[in-house]
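Reading through the structure tokens given below for one structure.
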Amino acid sequence: MPNYRVTFDCATGVEELVEVTAEEQAGMDEQAAAQMALNVERELAEAQTQEDNKSGRAKLKELGLSDAQITALVG
């Protein structure tokens, strides 16, 4: 099924539905893949940060710090 894009001529006010070329579709697919990769990368980084935070708090707890002290140190 072909994809379409809308073009608008400001001078005439005419709106036209135009089929996307293979080159345009390849560019859109490439952009979508790049965005998906960025989203995955961001999610992985966020998960790693949360895990590091949890691990760091556990290590401070093992050293004998109270929850209040840990919160005062790291927020």
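Net charge near LEU73, counting Lys/Arg +1 and Asp/Glu -1 over other residues with Cβ under 13 Å of its Cβ? Overall, the nearby charge balance is +2. Placing unit charges on the Cβ atoms of the charged side chains and taking the dipole of the chain about its Cα centre, the candidate lying farthest along the positive direction among ALA37, GLN50, GLY64 is GLY64. Using the Cβ of GLU23 as centre and a radius below 14 Å, the other residues enclosed give a net charge of -3, where K and R count +1 and D and E count -1. Taking other residues whose beta carbon is less than 14 angstrom from the beta carbon of GLN35, and scoring Lys, Arg as +1 and Asp, Glu as -1, yields -3. Computed from Cα atoms, the angle from the helix 22-62 axis to the main principal axis of the chain rounds to 10 degrees.
Every read-out reported here was derived from the displayed coordinates using simple, explicitly stated rules and does not represent laboratory data. Not measured: the values here are computed from a predicted model. Every residue, glycine as well, gets a Cβ built from its backbone with ideal geometry; the counts of neighbours run over all protein chains shown.
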